[in-house]
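Right, one structure below, let's go through it.
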Amino acid sequence: MPTYEFVCPAEHLTAHRSSITDIPVTIDCPECGIRARRVYGAPHLGRSSARGFAALERSARSAHEPEVVRGTHPGTTATARVTRNPLHQRLPRD
Ligand SMILES: [Zn+2]
């Protein structure tokens, strides 16, 4: 049976298990009793694997603390892409 999340105006987050054919639009918040509305989020796919869980954690963390890249990946070398198309010579340079 899937779990759905609900949040009340006081921002209490509640998990509620319900049949997929009988999903309530609102529930009573178990903490304050105010009607809580359903929160629609990303499905919890891939949480069963460690790699999927790590990717979700990294994605959520980067939303608040973006990682700064200061170089190329170790073991790779940066090479300049050379074009031989004469029309590219007219493109602006940095
Ligand atoms: Zn509440």
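Please treat every number below as a calculation from the coordinates, not as lab data. None of these values were measured; they are calculated from a predicted model. Methodologically, a virtual Cβ is constructed for each residue, glycine included, from the backbone with ideal geometry; neighbour enumeration extends over all protein chains shown.
Can you tell me which residue is surrounded by the most Cβ atoms within 10 Å (Cβ to Cβ) among those in region 1-17 that are without any contact (Cβ under 8 Å) to a residue 24 or more places away in the chain and within 11 Å of the ligand (Cβ to nearest atom)?
The initial filter retains those residues of region 1-17 that are without any contact (Cβ under 8 Å) to a residue 24 or more places away in the chain, namely 1-3, 11, 14-17.
Next cut, within 11 Å of the ligand (Cβ to nearest atom) only: 11, 14.
On the way: 11: 8, 14: 16.
Looking at the filtered set, the residue picked out is 14.
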- Message: Pairs please, first residue from region 18-32 and away from the ligand (no atom under 16 Å from the Cβ), second anywhere and of a type in the set (S, T, N, Q), Cβ atoms under 9 Å, 6+ apart in sequence or on different chains.
- Response: 18/3
- Looking at (1) out of contact with any strand residue (DSSP E or B) (no Cβ under 6 Å at 6 or more places or on another chain); (2) not in a loop (DSSP other than H, G, I, E, B), which is the one condition that is false for residue 15? (1)
